[in-house]
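Trainee: If you scroll down you'll find the structure; I have some questions about it.
The values are calculated or read from the model by the stated rules, or taken from the named source; none is laboratory data. Source: prediction; values computed, not measured. Neighbour counts run over all protein chains shown; Cβ positions are idealised from the backbone, glycine included.
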Amino acid sequence: MSWLEIEDLCKTYPGETIAVDSVSLSVEKGEFFTIVGPSNAGKSTLLKLIAGIERSDGGRICLANRDITRLQPRERKLSLLFQNIALFPNRTGFENISFPMKVAGVPEVEIERRVREIAATVKVGHLLNRVPRTFSGGEQQRVAIGRAIIHDSDLLMLDEPLTNLDARIRIALRLEFKKLHHDTGQTLLYVTHDQIEAMSMSDRIGVLKSGKFEQIGTPDEIYRRPKSEFVARFIGSPPMNILDCTIAEGIGGLKAYGDGFEASIIRGERIGVGRPSRIAVGIRPEEITASVECHEKTRTPGKVLWIERLGPFQILDVQLGAHILKVRTRSDHAVNREGPVWCGFEIRAEHILDRSTGLFLQPVADMNGGASIKREEARCV
């Protein structure tokens, strides 16, 4: 059994609002697991169910080989840090951090040692004799983190802890969270709506939508092989381009034909029996080649409508027929103004989308040693 094991967890609120819909999840000991999704996906509700703040309508939660489903929050041996920081305003940094240990009746000598140790870890030693109104936003967050991790727990849960901070502090604290995880080996369950946070910090990610996991996997797996259109559009900045098309055999192999473009399907995969009637293909912005001239690899004419300049790189809005594509290039690229452009790209077989289900097709080996493509249901792994 995994360190945290959730089986068929459900939560419905009055009015038949399904917040968590038969969720199952396994998190290994010492893993940094992030739950990412849009607002109202059920992320915070799932954490509250694990913490015991909310009662589930069904399912089971096991932590460290203990069934904690019906235990009181204080009996579950976990910590939860909420999005909104709630420090005691009239207590010093030391008193805020030490509060859980004092409630637990830990001896003063041990409290002193542990608070100094944790303060050094989260870099708040200079705040121990000050009150929260003198802290910056980032300092308040670090003190709150110190309070959350000071007593031994089997699981540390963080509910969008960086949302209310400015960009510079968010980046700094992302690094500190990762270092904290590395130094302590703590099992972390982290919730965010920010896919950049999820991709940069996590061992694995679960993409949640409407109370269900669309996909669970490593950051690389989710980025390179999304299982659904929702995941493809949610993960990535800019998100994956989705283009309607038809697929047929052409000169040199299987090709995708759409309004304003023609592209090869790479790796020689081919569509097997039962091909969907409505197909689209996905292309990441960095997979598209742009040029000021027509070449062997850039044979598709288009028009640059807009350029978003972002320091070392730029994002081009390129019109191909009825489609507007996002194309990512270096800032010193030859295509640097609005107007005509030539583009080229190839389609990965795993990026062929069944429009009727919203799921990408999965290439599989056929009897002749080639490959065909089948539907794959989105599921937890």
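Results for (1) small (Gly, Ala, Ser); (2) over 28 Å from residue 228 (Cα atoms); (3) part of a strand (DSSP E or B), shown as yes or no for each residue.
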{"residue": "29", "(1), (2), (3)": "no, yes, no"}
{"residue": "50", "(1), (2), (3)": "no, no, no"}
{"residue": "59", "(1), (2), (3)": "yes, no, yes"}
{"residue": "62", "(1), (2), (3)": "no, yes, yes"}
{"residue": "70", "(1), (2), (3)": "no, yes, no"}
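Trainee: Quick one: in segment 1-32, which of the residues that are charged (D, E, K, R) and more than 28 Å from residue 180 (Cα to Cα) is modelled with the lowest pLDDT?
Mentor: This residue is 16.
Trainee: Let me ask another. So which of 39, 56, 79, 26 is surrounded by fewer than 20 Cβ atoms within 10 Å (Cβ to Cβ) and closer than 23 Å to residue 3 by Cβ?
Mentor: Every option except 26 fails the conditions.
Trainee: Here are 97, 85, 35: which of them is within 23 Å of residue 180 (Cα to Cα) and assigned to a loop (DSSP other than H, G, I, E, B)?
Mentor: One residue alone meets the criteria, 85.
Trainee: Related question: Could you go through segment 337-348 and let me know if any residue there is at pLDDT below 95 and closer than 26 Å to residue 208 by Cβ.
Mentor: Yes, the conditions are met somewhere in segment 337-348.
Trainee: Same structure again: Assuming residue 147 fulfils every condition listed in (1) outside any helix (DSSP H, G or I); (2) in contact with a helix residue (DSSP H, G or I) (Cβ under 9 Å, 6 or more places away or on another chain) apart from one, which condition is it?
Mentor: Unmet for residue 147, out of (1) outside any helix (DSSP H, G or I); (2) in contact with a helix residue (DSSP H, G or I) (Cβ under 9 Å, 6 or more places away or on another chain): (1).
Trainee: Is there any pair with a first residue in segment 110-124 that is in contact (Cβ under 8 Å) with a residue 24 or more places away in the chain and in the same structural domain as residue 97 (by TED's automatic domain parsing) and a second that is hydroxyl-bearing (Ser, Thr, Tyr) and surrounded by 14 or more Cβ atoms within 10 Å (Cβ to Cβ) whose Cβ atoms are under 6 Å apart and which are 6 or more apart or on different chains, and what are they?
Mentor: From segment 110-124, the pairs are 115/98.
Trainee: Are any of the residues in segment 194-209 in a strand (DSSP E or B) and more than 15 Å from the chain's Cα centre (by Cα)?
Mentor: No, there is no match, as no residue in segment 194-209 is in a strand (DSSP E or B) and more than 15 Å from the chain's Cα centre (by Cα).
Trainee: Next up: Select from segment 320-348 the residues that are closer than 15 Å to residue 243 by Cβ, touching a residue at least 24 places away in the same chain (Cβ under 8 Å) and outside any loop (DSSP other than H, G, I, E, B) and list them in ascending order.
Mentor: Of everything in segment 320-348, those that are closer than 15 Å to residue 243 by Cβ, touching a residue at least 24 places away in the same chain (Cβ under 8 Å) and outside any loop (DSSP other than H, G, I, E, B) turn out to be 320, 323, 325, 326, 327, 343, 344, 347.
Trainee: With (1) basic (Lys, Arg); (2) under 20 Å from the mean Cα position of the chain (by Cα); (3) surrounded by 21 or more Cβ atoms within 10 Å (Cβ to Cβ) as the list, and residue 178 as the residue in question, which single condition is left unmet?
Mentor: For residue 178, the failing item is (3).
Trainee: When the residues of segment 125-143 are narrowed to those that are in contact with a Pro (Cβ under 8 Å, 6 or more places away or on another chain) and over 14 Å from residue 166 (Cα atoms), which ends up surrounded by the fewest Cβ atoms within 10 Å (Cβ to Cβ)?
Mentor: Checked segment 125-143; the qualifying residue surrounded by the fewest Cβ atoms within 10 Å (Cβ to Cβ) is 133.
Trainee: Let me ask something else. In the set 374, 303, which member is farther than 21 Å from residue 255 by Cβ and either at pLDDT 95 or above or out of contact with any Asp or Glu (no Cβ under 9 Å at 6 or more places or on another chain) (or both)?
Mentor: 303
Trainee: Related question: Any idea which residue in segment 178-211 is modelled with the lowest pLDDT, counting only those that are among the acidic types (Asp, Glu) and over 12 Å from residue 37 (Cα atoms)?
Mentor: 183
Trainee: Which condition number does residue 356 fail, the rest of (1) out of contact with any strand residue (DSSP E or B) (no Cβ under 9 Å at 6 or more places or on another chain); (2) at positive phi being met?
Mentor: (2)
Trainee: If you don't mind, another one. If you take the residues in segment 147-175 that are among the charged types (D, E, K, R) and more than 15 Å from the chain's Cα centre (by Cα), which one is nearest to residue 77 (Cα to Cα)?
Mentor: 154
Trainee: Hey, any hits in segment 212-232 for a residue that's of a type in the set (Lys, Arg), farther than 20 Å from residue 117 by Cα, at pLDDT 90 or above and part of a helix (DSSP H, G or I)?
Mentor: yes
Trainee: Follow-up question, since we're still on this one. For segment 214-234, enumerate the residues that are surrounded by fewer than 24 Cβ atoms within 10 Å (Cβ to Cβ), over 9 Å from the mean Cα position of the chain (by Cα) and of a type outside the set (Val, Ile, Thr).
Mentor: If the condition is that a residue be surrounded by fewer than 24 Cβ atoms within 10 Å (Cβ to Cβ), over 9 Å from the mean Cα position of the chain (by Cα) and of a type outside the set (Val, Ile, Thr), then 217, 220, 221, 223, 224, 225, 228, 229, 230, 233 are the ones that fit.
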